[in-house]
1. Per-residue HN-Hα couplings for segment 91-99, Karplus 6.51 cos²θ - 1.76 cosθ + 1.60 at θ = phi - 60°, whole Hz, x for Gly and Pro?
2. Nothing charged except the Cβ atoms of Lys and Arg (+1) and of Asp and Glu (-1): what's the magnitude of the dipole of segment 3-113 about its Cα centre? Round to the nearest 20 debye.
3. Rounded, prolate or oblate: which fits the chain, taking a ≥ b ≥ c as square roots of the Cα gyration tensor eigenvalues, rounded meaning a/c under 1.5, else prolate when a/b beats b/c?
4. Of the listed peptides 97-103, 82-88, 14-20, 44-50, what is their order by residue-averaged count of other C-beta atoms within 10 Å, with the highest listed first?
5. Under the Cβ-under-4.7 Å rule, which cysteines of the chain stay unpaired?
6. Given the Cα-Cα distance of VAL6 and GLU25 and 0.36 nm per residue of separation, how much length would full extension add, in nm?
7. Using a basic spin-label model with each label point 7 Å from the Cα along Cα→Cβ, how many nm lie between ARG74 and ARG36?
Amino acid sequence: MPLIDVEAPPTSTDAHYVVYFASPENGQSSWCPDCRNALPALQNVFGAESAPSAYVIQAGTRAEWRGNPNNKWRSPPYNVTCLPTIVRVENGKEVARLGDVEGQEESALRKLIA
């Protein structure tokens, strides 16, 4: 299943993944270098038709994210502290999470979906 852009995380109880990602800016896929670096791994892991569903949340532009403690994705129930952040959800609850460093590693993403 390809990466799916959404405005908010699904409320489904089905197992799925939510990718919190820095928004596009200045003609680039993302203003965040960690997010740009993570794209190949994310596409390799979630891009196949047989891959699990991954929903992408654009967490904001540089101005909306950097130094902004009021960004809604930083607060409960999301508690995102870095971009990208990849969350595994089962039965409506977070069961695992990868941060900005691990989220760039295809091997870590594959372990997350195993």
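Values quoted throughout were computed directly from the atomic coordinates according to the rules given, and no laboratory measurement underlies them. None of the values given here were measured: they were computed from a predicted structure. FYI the Cβ positions are ideal-geometry reconstructions off the backbone, even for glycines, and counts take in every protein chain you see.
1. These are the phi-based 3J(HN,Hα) values: 6, x, 10, 5, 10, 7, 8, 10, x Hz.
2. About 280 debye.
3. oblate
4. Result, highest mean first: 82-88, 14-20, 97-103, 44-50.
5. Lacking a cysteine Cβ partner under 4.7 Å: CYS82.
6. The VAL6-GLU25 span can extend by a further 5.1 nm.
7. Output for this residue pair reads 2.3 nm.
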